[in-house]
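Report on the structure given below.
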Amino acid sequence: MSLVERIKSNPGLKKFVYWLLVPKTAPGCRLWVRLFVNPFVHKISSKATIRNYARLDLAPWNKFSLGKKAVVEDFCCVNNMVGDVFIGENAHLGLSNTLIGPVSIGNNTILAQNIVLSGLNHGYADPDIPIKDQKETTATIVVEEDCWIGANSVVVAGVTIGKHSIVAGGSVVTKNVPPYTVVGGNPAKVLKQYNPLTKIWEKP
């Protein structure tokens, strides 16, 4: 049995190791994990830009990667505590975006400002237990390459946004978006789709 398997199979030991890694009252991992573990686990391109006021709540037990020429602007929060986060090459996360894994952002994708992509949901089935203490569920959000998500949009867990698609500002995306499609509204609906025969973005 490996060390990781041994820790996972022993509830007391698992709780102790988690305490060593994560403080009770603060988000993210302890400083020693951020300084001495994460740099050797996560893949951050030396050609990527992370602004000074961006917050990376990264755990070593899930994956995180940031591609070449990708930009994470100030006041963004990127969290992989419950799921992997992948940000592709030349992707741009605008001011004050929140990404909670599992999330995958494709190459050349633009996220405007104040966008939330959360692959996490809290359980609520038992009314006698506080929601924050109930079991969490996750479903991966995939934003394929060359997409544009407008400001103040929300993409819920489990949604895939297809290649070269656009989400209008202020939208709430609850269903998959086909490639080469413009969606908008709450919940988001198809507004236009690209017709390769006419080479025009047409209303449905």
Can you name the number of the only condition in (1) more than 16 Å from V155 (Cα to Cα); (2) in a strand (DSSP E or B); (3) of a type outside the set (V, I, T) that L117 fails?
(1)
If a residue has to be touching a Phe, Trp or Tyr at 6+ places or on another chain (Cβ under 9 Å), of a type in the set (A, V, I, L, M, F, W, C), surrounded by fewer than 18 Cβ atoms within 10 Å (Cβ to Cβ) and closer than 18 Å to T138 by Cβ to count, how many in the range 40-80 make the cut?
0
Among what's in the range 180-204 and is open to solvent by 90 Å² or more (accessible area, probe 1.4 Å) and among the charged types (D, E, K, R), pick the residue that is farthest from A151 (Cα to Cα).
K199
Number of positions in the range 60-79 that are more than 21 Å from K47 (Cβ to Cβ) and part of a loop (DSSP other than H, G, I, E, B)
4
If I filter the range 123-142 for residues that are out of contact with any Lys or Arg (no Cβ under 9 Å at 6 or more places or on another chain), open to solvent by less than 30 Å² (accessible area, probe 1.4 Å) and within 16 Å of V177 (Cα to Cα), do I get at least one hit?
yes
Any chance A26 is over 19 Å from the mean Cα position of the chain (by Cα) and of a type outside the set (S, T, N, Q):
yes
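The values are calculated or read from the model by the stated rules, or taken from the named source; none is laboratory data. What you see is a predicted model; the values in this text were computed from it and never measured. Every residue, glycine among them, receives a Cβ derived from its backbone with ideal geometry; neighbour counts consider all protein chains shown. Surface accessibility is based on the protein's heavy atoms, side chains included, excluding ligands, DNA and RNA. Shrake-Rupley method; radii C 1.70, N 1.55, O 1.52, S 1.80 Å.
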